[in-house]
Every structure is written in structure tokens, then in C-alpha cells.
Amino acid sequence: RNTTGYRLTLAGKIYVADLSQTKLMNARKTPRAVTMIIAVNKQGQHLLFKWKRQPYRGLISFVFGRQLYGQPAIESAKEQLFFKTGYSAKLNYLGYADIVNKQQDDIIDHLSVSIFEAKDLKEESTPDGLTGEYFWGSPEDYRPSITIYEFHVIIQWYEDTARSSILHI
């Protein structure tokens, strides 16, 4: 507090930025911002990823990962692609998806997804494989029970050339 009133410290501003702006200033969970990369090779196969870590352990998805705090989505997408596959690529923004995985009345996961398409893939290194393994395959070969939530909805949206910029799930 000073003569002009109370001012938050830097730590206080960071804390308040994460609060819900209700009368009670309750801390509430927010969606996790992630970037997802879709790539198709000359044989028509998609770049897929099988997870070794929870909450997706054993499931198949496109390459995706958290967008880092303060980092533009496209930079996070490039980083996730490289970290998980060893590839670099030209990335084009395709659209956005809000994916909410509910079981009964409980929300298991809520992802706020920026989706990118990768072109001109270049293999630059070998990934460590700690979070999972990448491979080339056909999404239709995998049942919904072994893929991440709404995987097949995302592929239908991607394959529809008249798709809108927003994917509603």
C-alpha cells in the first residue's frame, strides 16, 4: 500500500491472472492450450503418435503437446513436432478445436487446440521416445477405443476440403 492505493506485486499479478473473475475470485481449472500437427506423406499415410505417458498412455493421436506459456502457438507446434518426431517442417495454421472429454458428468480433460498442417518434412534428429513413439499409418485402421478422444472427428474435419476454420466438437 502506498499513497495512491494498494498495488499488486509481480507475484500477485501472476496469481490474480489465473483466477476466475467472479465475486468470490475462486481459482478454477482452465483448458490446457495445446498445438496439434497433422502431416501426410506421399503414400497418403498420416504422422501418428502412440503415447507412453498418462493421461494418454497406450492411445494413438496426431502429434500434439502443450503450448508453452508466453510462446506463440506456431513456435510451440514446431517445438512439439521436433521433440516428438525429430522432424522440422513448414507449418500452416488450419483451425481451432475445443475438445472436452467427458465421462458421465465428469470432465476428464479439456484441450484448447491450435491445429497445424506440416509440409516439407525434414528428418533432423532421432527423438528420445520418452513421451511416446511416432509412426506413419492410416487413422481409419485404429478403433476409437485406442485413439485419443475425438481423433476421428478431427480426421474427418481435416479431410473435408470445404472445412471451416473452426472445428466444433
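The values are calculated or read from the model by the stated rules, or taken from the named source; none is laboratory data. Nothing here was measured: the structure is a model prediction, and the numbers come from that model. In this analysis, Cβ positions are derived from the backbone assuming ideal geometry, glycine residues included, and neighbour counts consider all displayed protein chains. Note: areas computed on protein heavy atoms with side chains; ligands, DNA, RNA excluded. Shrake-Rupley method; radii C 1.70, N 1.55, O 1.52, S 1.80 Å.
The table for this structure:
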| quantity | calculated |
| --- | --- |
| Relative contact order of the chain, defined on C-alpha pairs under 8 angstrom at six or more residues apart (%) | 25 percent |
| Degrees between helix 73-85 axis and first principal axis of the chain (Cα, 0 to 90, nearest 10) | 50 degrees |
| Rounded, prolate or oblate (a/c below 1.5 giving rounded, otherwise prolate when a/b exceeds b/c) for the range 100-169 by Cα gyration tensor | oblate |
| Accessible area expressed per residue, the range 50-169, with surrounding protein chains retained (probe 1.4 Å, Å²) | 59 Å² |
| Counted charge near E117, where neighbours are those whose Cβ lies closer than 14 Å (Asp, Glu -1; Lys, Arg +1) | +1 |
| Spatial separation of Cα centroids for the range 60-79 and the range 40-57, in angstrom | 15 Å |
| Residues of type lysines that K84 reaches as a straight line, Cα spacing below 30 Å, ignoring anything fewer than 8 places off in the same chain | K29, K42, K50, K52, K102, K119, K122 |
| Accessible area of the chain belonging to carbon and sulfur atoms, whole % at 1.4 Å probe | 51 percent |
| Net charge dipole size for the chain [Lys, Arg +1 and Asp, Glu -1 on Cβ; Debye, nearest 20] | 780 debye |
| The range 54-143: relative contact order as a whole-number percent, Cα under 8 Å and 6+ apart | 28 percent |
| Environment charge at L59 (Cβ cut-off 15 Å; Lys +1, Arg +1, Asp -1, Glu -1) | +2 |
| Peptide ranges 54-60, 32-38, 101-107 listed from the most packed, as the mean C-beta count within 10 angstrom indicates | 32-38, 54-60, 101-107 |
| Pair Q45, D160: separation of 7 Å Cα→Cβ label points (nm) | 2.8 nm |
| DSSP-defined antiparallel bridges as percent of all bridges, the chain, nearest 5 | 75 percent |
| Cβ-based net charge around L130, under 14 Å, with every Lys or Arg adding one and every Asp or Glu removing one | +3 |
| Estimated [θ] at 222 nm from DSSP helical runs (n ≥ 4, -39500 (n - 2.57)) normalised by residues in the chain, nearest 500 | -5000 deg cm²/dmol |
